[in-house]
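A short worksheet on the structure shown next.
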Amino acid sequence: MSSLRTRILIISSATVIGALALSGAAAYITVRANTMETIGQNLSAIAGANTLAIDKWVAAKAQAVKATAEEVEHGDPQGFVKHMGNADGFPITTVGWTDKSYFPPAAPRPRTTMRPRGPGIKRRSRRAR
């Protein structure tokens, strides 16, 4: 370290390395802050849109129940309750009247867990596995 050339080289290298480190840190902090702000704005927009969609869905279901409740007669002879269940996506519909009688839901159809097989697909036996 005795020569002037070595001292200048070390000082200039340290200055360049320090400037690059400072520049990189500043760029990282700026990009991270902008990214976090953008993520926050996107999440707020998505939450607002989902809230609006859920509100509309609930209002539509409430309107369907209200319209059906105004028209349904005791015993549901015209099948409005069944129609509401099929048309508006209610899996179980039950109507109750003030005299404590009610119209029970239809028995739900059992779901099948078996997949249909094509004509060329054969079932392997346990021994073949």
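The values are calculated or read from the model by the stated rules, or taken from the named source; none is laboratory data. Because the structure is predicted, anything quoted here is derived from the model rather than measured. All Cβ positions, even for glycine, are placed from backbone atoms using ideal geometry, and neighbour counts span all protein chains on display.
Can you spot a residue in the range 55-64 that is more than 28 Å from the chain's Cα centre (by Cα) and of a type in the set (Lys, Arg)? Within the range 55-64 (the criterion being more than 28 Å from the chain's Cα centre (by Cα) and of a type in the set (Lys, Arg)), the answer is no, since none of the residues qualifies.
Inspect all residues belonging to the range 90-105 and state whether any of them is at pLDDT 70 or above, under 29 Å from the mean Cα position of the chain (by Cα) and of a type in the set (Lys, Arg). Checked against the condition, which is being at pLDDT 70 or above, under 29 Å from the mean Cα position of the chain (by Cα) and of a type in the set (Lys, Arg), the range 90-105 yields no hits at all.
On inspection, Lys61 does not qualify as out of contact with any helix residue (DSSP H, G or I) (no Cβ under 8 Å at 6 or more places or on another chain), free of Cβ contacts under 8 Å to residues at least 24 places away in the same chain, closer than 22 Å to Trp97 by Cβ and not acidic (Asp, Glu). Scan the range 47-60 and tell me whether some residue there is loosely packed, with under 10 Cβ neighbours inside 10 Å and either at pLDDT below 90 or not in a helix (DSSP H, G or I) (or both). No, the conditions are met nowhere in the range 47-60.
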